[in-house]
1. Check off (1) under 19 Å from Phe342 (Cβ atoms); (2) assigned to a helix (DSSP H, G or I) for Ser292 and give me the number that stays unchecked.
2. Looking only at the stretch 223-242, count how many residues are outside any loop (DSSP other than H, G, I, E, B) and over 11 Å from Leu362 (Cα atoms).
3. Check the stretch 271-279 and report whether any residue there is small (Gly, Ala, Ser) and not in a loop (DSSP other than H, G, I, E, B).
4. Any residue that is touching a residue at least 60 places away in the same chain (Cβ under 8 Å), under 30 Å from Val216 (Cβ atoms) and in the same structural domain as Ala166 (by TED's automatic domain parsing) - is there at least one of those in the stretch 100-110?
5. What are the residues in the stretch 250-302 that are among the basic types (Lys, Arg) and crowded, with 19+ Cβ neighbours inside 10 Å, if any?
6. State all residues of the stretch 213-241 that are under 25 Å from Tyr6 (Cβ atoms) and of a type outside the set (S, T, N, Q); if no residue qualifies, say none.
7. Checking Ile233 against (1) over 28 Å from Glu307 (Cβ atoms); (2) among the aliphatic types (A, V, I, L, M); (3) surrounded by 23 or more Cβ atoms within 10 Å (Cβ to Cβ); (4) outside the structural domain of Ile164 (by TED's automatic domain parsing): exactly one of these is not met. Which one?
8. If I ask for residues that are touching a Pro at 6+ places or on another chain (Cβ under 6 Å) and either among the β-branched types (Val, Ile, Thr) or at pLDDT below 95 (or both), which ones from the stretch 266-301 would you list?
Amino acid sequence: MKIIRYAELSQEFFKYQEIEEIDSVKSIIADVKLLGDDAVRKYTRQFDKCELESIRVSNKEILSAARQLKRDEMEALKATADNIRRFAEKQKQQYVDFEIEIDPGVFTGQRVIPIERVGVYTPGGSYPLPSSVLMGAIPAQVAGVKEIVLCSPPSFGGSIHPTILAAAVICDIEEIYKIGGVQSIAAMAYGTETIRPVDKIVGPGNKYVTAAKKEVYGAVGIDFVAGPSELFIIADQSADPVYVAADLLGQAEHDVNAIPALATDSRKLALSVEVEIGKQLSRLKTADIARSAIKNNGLIIIVDSIEQACEVANRRAPEHLELQLSNADDFVNKLTNYGSLFIGSLAAEVLGDYSSGLNHTLPTNTTARYAGGLSVKDFLKFQTRLRVNKKGLNSIGPIAKKMGEMEGLDGHAKSVELRLFRKK
């Protein structure tokens with residue numbers, strides 16, 4: 001990893017990186033909108049080298065796939081699901097209906113209801129992500145979403161990987177389609193002969209999936225326009241270089257564009273982590289990907305103090321932020337911009353990816369400045385309402401009339417004026 005001092009940090013490190021627009025994405029989406037299932041089959045044949053007889057996965061296929069998993073694998077998925085559900089249920093308790101008499105005779109209220117139909121995208125390929133099924137579907141279910149659709153590419157012998165289907169079984173998802181990439185995002189957004197359109201799409205994907213989600217936003221809601229995955233660790237001399245190196249490599253193996261970074265006030269720790277990364281890489285099955293990410297994007301920043309490291313973190317707004325410090329709790333409230341925070345040497349970021357109950361779908365690319373991770377809230381609509389009696393109208397009506405006049409909107413002013421002064 002490249003080691004630099006704080007003063008050498010480029011301003012680019014703190015900037016939002018524009019998401020690449022890909023012309024082929026627009027043309028694929030247009031084809032799916034026009035040709036429906038035929039376009040879905042065409043692009044699945046082209047990109048996944050798979051001829052689809054049926055786009056939808058049958059119940060028999062789903063149950064058969066789940067039976068392929070070992071007992072300990074199913075138990076791990078179920079335990080992960082249980083913790084995600086517990087955390088989501090606690091979140092749901094924060095969102096309630098209410099009505100308040102905000103002025104005498106003026107009754108304002110809020111109704112919280114779920115989105116009706118949600119699409120969950122889950123990558124397949126060499127590294128299938130059943131955890132993404134759980135992270136997307138369970139908060140939606142807790143929110144009360146009635147219909148959940150799952151799409152994943154047919155990269156496992158012409159079908160979806162068994163671990164993904166097993167996760168779907170745990171979530172009681174029955175509407176599953178073996179399509180991936182841009183064509184699946186377009187199909188969920190606009191519908192085809194087989195797939196009814198959804199109201200919102202969530203879930204991670206490669207740059208083509210990301211570009212597609214950005215393109216269809218508006219026709220449907222989306223969770224994020226996500227960039228490469230990130231980990232930022234703040235550590236002092238008390239940190240264990242073995243843990244720090246392992247966590248950086250765990251992030252680096254996601255993808256060659258992943259961004260693993262460490263800020264420390266200890267040059268000794270920085271050098272020890274650099275050596276440890278070399279040792280652990282030699283034993284890592286995903287070494288080729290991790291090595292590339294470490295080489296091209298890995299960064300160790302030598303700071304003057306932990307306070308300065310916190311300033312860097314707040315400006316960078318990383319997806320994942322770890323504190324491996326002797327007095328980590330002293331700095332928690334000084335940190336304001338991150339997707340998820342991991343406090344102490346035992347709180348490995350990987351636990352947030354899987355089994356802690358936290359959602360691993362998080363803002364990247366500095367967007368944690370204004371956004372949080374996927375949660376129950378993302379599947380809820382907050383609808384406001386108003387009831388007014390004569391006393392209330394006399395209280396707030398003149399104010400609204402005056403506001404309309406101030407803004408030059410005569411129709412607004414007259415709409416209230418008629419109610420105030422018209423004799424019936």
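The values are calculated or read from the model by the stated rules, or taken from the named source; none is laboratory data. Computed from a prediction, not measured in an experiment: that's the story for all the values here. Neighbour counts are summed over all protein chains in view; Cβ atoms, including those assigned to glycine, are modelled from backbone coordinates with ideal geometry.
1. Unmet for Ser292, out of (1) under 19 Å from Phe342 (Cβ atoms); (2) assigned to a helix (DSSP H, G or I): (1).
2. Step one: list which residues in the stretch 223-242 are outside any loop (DSSP other than H, G, I, E, B), which gives 230-235, 241-242.
Still in the list and also over 11 Å from Leu362 (Cα atoms): 231-235, 241-242.
So the count comes out to 7.
3. Checked against the condition, which is being small (Gly, Ala, Ser) and not in a loop (DSSP other than H, G, I, E, B), the stretch 271-279 yields at least one hit.
4. Just the residues of the stretch 100-110 that are touching a residue at least 60 places away in the same chain (Cβ under 8 Å), to begin with: 103-110.
Filter once more, so that each one left must be under 30 Å from Val216 (Cβ atoms): 110.
The next check asks that each one be in the same structural domain as Ala166 (by TED's automatic domain parsing); those that pass are 110.
Among the residues of the stretch 100-110, at least one is touching a residue at least 60 places away in the same chain (Cβ under 8 Å), under 30 Å from Val216 (Cβ atoms) and in the same structural domain as Ala166 (by TED's automatic domain parsing), which makes the answer yes.
5. Start the filter on the stretch 250-302 by keeping residues that are among the basic types (Lys, Arg), which leaves 267-268, 279, 283, 285, 291, 295.
The answer is Arg291, and nothing else.
6. Residues of the stretch 213-241 under 25 Å from Tyr6 (Cβ atoms): 227-241.
Selection gives Gly227, Pro228, Glu230, Leu231, Phe232, Ile233, Ile234, Ala235, Asp236, Ala239, Asp240, Pro241.
7. (1)
8. Across the stretch 266-301, the qualifying residue is only Val273.
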